[in-house]
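Structure first, commentary second.
The values are calculated or read from the model by the stated rules, or taken from the named source; none is laboratory data. In this text the structure is predicted, and so the values were computed from the model without any measurement. Note that each Cβ is placed from the backbone with ideal geometry, even for glycine, and that neighbours are counted across all protein chains shown. These accessible areas exclude ligands, DNA and RNA; they are computed on the full protein's heavy atoms, side chains included. Shrake-Rupley method; radii C 1.70, N 1.55, O 1.52, S 1.80 Å.
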Amino acid sequence: EQYSPSNSIATSWKLIEKNGEQPNQKQLHAFIKHKRKLAQKDNVQGNISVPLRDMIDINSLALITENEQYLELQFNVKLSQFDDESLEKLNGYLQYNKKQAYIEKIVIINQASFSPIFSANISDFKLSFSFIRLNNSILENQQRMVMKGTFAIFTDIDEVSIDNYTDYKQQMF
């Protein structure tokens, strides 16, 4: 899917591909209907986002490597969506740009299979966020998730999701 925030709500979302294939008219219509429903819900409840302080256990930060430009650190993951048993099987890493003073990348990887919800078993999980500095702002550049496992024993999970954020425009007020 592709999102263009400068367009109207009716045209801001575009379905590019579904399960590796060109979407048909029915899929396109269902996609737009779903996005409109989510937009209405967001306007009422506000957008969902996870601040870094709610993802990174600051007290667990530990230095892995350091060079002139970067610090690489490991941390314990804290996400309210997962139970404690699942969180114990996740490791977090971040790359801090010392010269520009911001976090460039965060990666969360599982070290063992885990079950975030009943009847689901995740064998491979990798969630990464990359950021860019634009003037004095730190902005998300990409969010990527790769997840494999099973749901209800018979259904395979093999998901790759990549969200790219580009063409930021600064507005003066």
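Key figures
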quantity	calculated
Residue satisfying all of: in region 123-169; in a loop (DSSP other than H, G, I, E, B) and farther than 21 Å from residue 16 by Cβ; most open to solvent (accessible area, probe 1.4 Å) among these	154
Qualifying positions in region 58-81 - assigned to a loop (DSSP other than H, G, I, E, B) and open to solvent by 40 Å² or more (accessible area, probe 1.4 Å)	61, 67, 68, 69, 78, 80, 81
Test result for residue 6, farther than 30 Å from residue 89 by Cα, open to solvent by 60 Å² or more (accessible area, probe 1.4 Å) and either in contact with a Pro (Cβ under 6 Å, 6 or more places away or on another chain) or modelled with pLDDT under 80 (or both)	yes
Residue, modelled with the lowest pLDDT, within region 119-150, restricted to residues that are more than 12 Å from the chain's Cα centre (by Cα) and among the basic types (Lys, Arg)	133
Subset of region 90-118 that is part of a strand (DSSP E or B) and among the charged types (D, E, K, R) - its residue that is farthest from the chain's Cα centre (by Cα)	104
Selected residue (criterion: most open to solvent (accessible area, probe 1.4 Å)) from residues of region 92-109 that are polar (S, T, N, Q) and modelled with pLDDT of 95 or more	95
Leading residue by the ranking (surrounded by the most Cβ atoms within 10 Å (Cβ to Cβ)) among those in region 41-57 that are part of a helix (DSSP H, G or I) and modelled with pLDDT of 70 or more	52
